[in-house]
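What follows is calculated from the coordinates using simple rules that are stated; it is not laboratory data. Please read all numbers here as calculations on a predicted model, not as lab measurements. We place every Cβ from the backbone using ideal geometry, glycine too, and count neighbours over all the protein chains shown.
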Amino acid sequence: MSFKSSYLNEVYEGLAKRNAEQKEFLQAVREVFESLEPVVAAHPGLEKNGIMERLTEPERAVLFRVPWVDDSGKVRVNRGYRVQFSSAIGPYKGGLRFHPSVNLSIIKFLGFEQTFKNSLTGLPMGGGKGGSDFDPKGKSDTEVMRFCQSFMTELYRHIGPNCDVPAGDIGVGGREIGYLFGQYKRIRNEFTGVLTGKGIPYGGSLARTEATGYGLCYFTKEMLAANGMSFEGKKIVISGSGNVATYANQKATQLGGRVIAMSDSNGYIVDENGIDYKVIKEIKEVKRARIKTYPEYVSGAKYVEGSSGIWNVPCDIALPCATQNELPLEGAKALVSNGCKAVAEGANMPSTPEAIAYLQANNILFAPAKASNAGGVATSGLEMSQNSLRLSWTFDEVDERLHNIMKNIYANAAQAAEIYGMKGNLVAGANIAGFTKVADAMIAHGIV
């Protein structure tokens, strides 16, 4: 499929030729370009200033080796990445992902998406992402510590509170952030807000842990309200059982919904009485066990092998919160046939393009990740602010700021879609609203 704009075609074809193997990155760029067709047509200055060419090439991409020693004394080597995509509106900001699937394509796609997501928050943050193909699962605390210390021994050269502020992502939780921060402080001999998602005793923000899941529900609440609906009495399916999914469960339940299914990479559970997020936390964070053990805690719940089947569970609202491309066309068809009314993305790019097109064609309310899961990075931005001010806000203060940010993201995305003749299309609206701010800043800075 080609774009109507010859300019977008030229840029994309060149990008695809140079990055032919990077399918996730190209998928993300194509989805954004499709939304920006009317913007490019209305603003010829974008082509004159080479905005699309500059925006799709990261300002900097660093690949490095990470040697570490396992508990048996064997030397292991992993790859580390940091892609600094855009600093047009602020320091690079984006998480670190430790997972075997990590490669340059995935880190570039995440960094590209992060640029627009951060722009949507209204906070002064650019876009970046990083990580490693290291897998923390099954590793001892000392092995994770050794890896994190080795990773930071290279990464510290490229980050700083006014340059690049990483955070956590898949495989990088409080434990990993603590080890990374400790090594940074040790090397640099300074205590600065160089990482977010830190523990409360050493500069972390209250409500950061809950932020992405809460923010997802706040955005979904606005989307539902604009269409005469609410969470009240709705049956909800949430894929995943990590941080985002767990706190999306909590907030959706507080807003009157009932979460009836959750999953992990092995399978999913169904509990028509409502899944208890506290039990999920116990299983995943304390026991570090699989979700299949949930029926051992709650009678009446059942476990089904195979996580992809979760989309066959009839629901009113679906919140994909696991990983990229987890909701395929088949899943979208199952949701539509079972009467689903809204889908809001909690993970990064969890729905395939075919699934999104099918949902939109069948009038399902759809919230794209760069808007609906921006709560995590928004609260990371609030953590940066607290670190700079040497202050600590209360949970309620941070939560209120988060709620307002998500309301504004919805309003701005909905307005942008309407301005360009695509009312109700939040995918296009989020891309346009996020892009416009970044492009304006790039033009103002000159050719840099």
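Only Cα pairs under 8 Å and 6+ residues apart enter the sum, and on that basis the relative contact order of the chain stands at 15 percent.
Close amide H pairs (under 5 Å, H built 1.01 Å from N) link Val343 with Ala318, Leu365, Phe366, Ala367, residues at least 5 positions away or on another chain.
Shown in residue order for region 51-67 are the 3J(HN,Hα) couplings computed by the Karplus curve 6.51 cos²θ - 1.76 cosθ + 1.60 at θ = phi - 60°: 5, 5, 5, 6, 6, 9, 10, x, 5, 7, 9, 10, 10, 8, 8, 10, x Hz (x for Gly and Pro).
Placing pseudo-labels 7 Å out from each Cα toward the beta carbon at Arg18 and Arg188 gives an inter-label distance of 3.0 nm.
Summary of the geometry: region 83-117 and region 422-448, compared by the centres of their Cα atoms, lie 17 Å apart.
A simple charge model with +1 on the Cβ of Lys and Arg, -1 on the Cβ of Asp and Glu and nothing else charged puts the dipole of the chain at about 780 debye relative to its Cα centre.
Computed from Cα atoms alone, the Kirkwood hydrodynamic radius reported for the chain is 22.1 Å. Along the positive direction of the dipole of the chain (beta-carbon charges: Lys, Arg +1; Asp, Glu -1; about the Cα centre), which of Asn387, Gln183, Ser230 reaches farthest? With unit charges placed on the Cβ atoms, the residue in question is Gln183. Computing FRET efficiency as 1/(1 + (r/R0)^6) for Ser140 and Ser385, where r is the C-beta to C-beta distance and R0 is 45 Å, gives about 0.80.
Exactly which GluC sites (Glu not before Pro) in region 126-200 are in a DSSP loop and have at most 15 other Cβ atoms within 10 Å? Passing both the DSSP loop test and the Cβ count: Glu190.
Would you kindly give the portion of the calculated P(r) for region 209-367 that falls above 22 Å, as a percent of all Cα pairs? Of the Cα pairs, 33 percent sit more than 22 Å apart.
Just how far, in whole angstrom, is region 234-254 from region 161-180 if you go by their alpha carbon centroids? That distance is 23 Å. Helix screen, the chain: DSSP H segments with Cα axial length of 15 Å or more and mean Kyte-Doolittle hydropathy at least 0.5 are 426-445.
For Leu96, Leu389, the sequence from fewest to most other C-beta atoms within 10 Å is Leu389, Leu96. Computed over the chain, the per-residue total of -39500 (n - 2.57) for DSSP H runs of n ≥ 4 gives a 222 nm mean residue ellipticity of -14500 deg cm²/dmol, rounded to 500. Counting beta carbons within 10 Å around each of Ser380, Ser205 and listing the fewest first gives the order Ser205, Ser380. Converting phi to 3J(HN,Hα) with the Karplus coefficients 6.51, -1.76 and 1.60 and the offset θ = phi - 60°, region 288-295 yields 6, 9, 8, 5, 4, 7, 3, x Hz in sequence order, with x at every glycine or proline. For region 60-190, the alpha carbon convex hull comes to 96 Å³ per residue, rounded to a whole number. May I ask you to list the aspartates and glutamates whose Cα is less than 18 Å away from that of Lys234, ignoring any residue fewer than eight positions away on the same chain? Within reach: Glu222, Asp271, Glu272, Asp276, Asp316, Glu345. Using the alpha-carbon centroid of each, what span in Å lies between region 336-383 and region 1-72? Comparing the Cα centres of region 336-383 and region 1-72, I get a distance of 21 Å. Arranged from fewest to most other beta-carbon atoms within 10 Å of their beta carbon, Lys23, Lys17 become Lys17, Lys23. Within region 209-367, DSSP assigns beta bridges of which about 35% are antiparallel (rounded to the nearest 5).
The residue among Thr153, Ile356, Gly131 whose Cα reaches farthest toward the positive pole of the charge dipole of the chain, with charges on the beta-carbon of Lys, Arg, Asp and Glu, is Thr153. Close amide H partners of Lys93, meaning residues 5 or more places away or on another chain with modelled amide H under 5 Å apart, are Gly126, Gly127, Gly128, Val165. Structural descriptor for region 4-154: relative contact order 24 percent, calculated from alpha carbon pairs under 8 angstrom and at least 6 residues apart. What percent does the relative contact order of region 209-367 come to when contacts are Cα pairs within less than 8 Å and at least six residues apart? Rounded, it is 22 percent for region 209-367.
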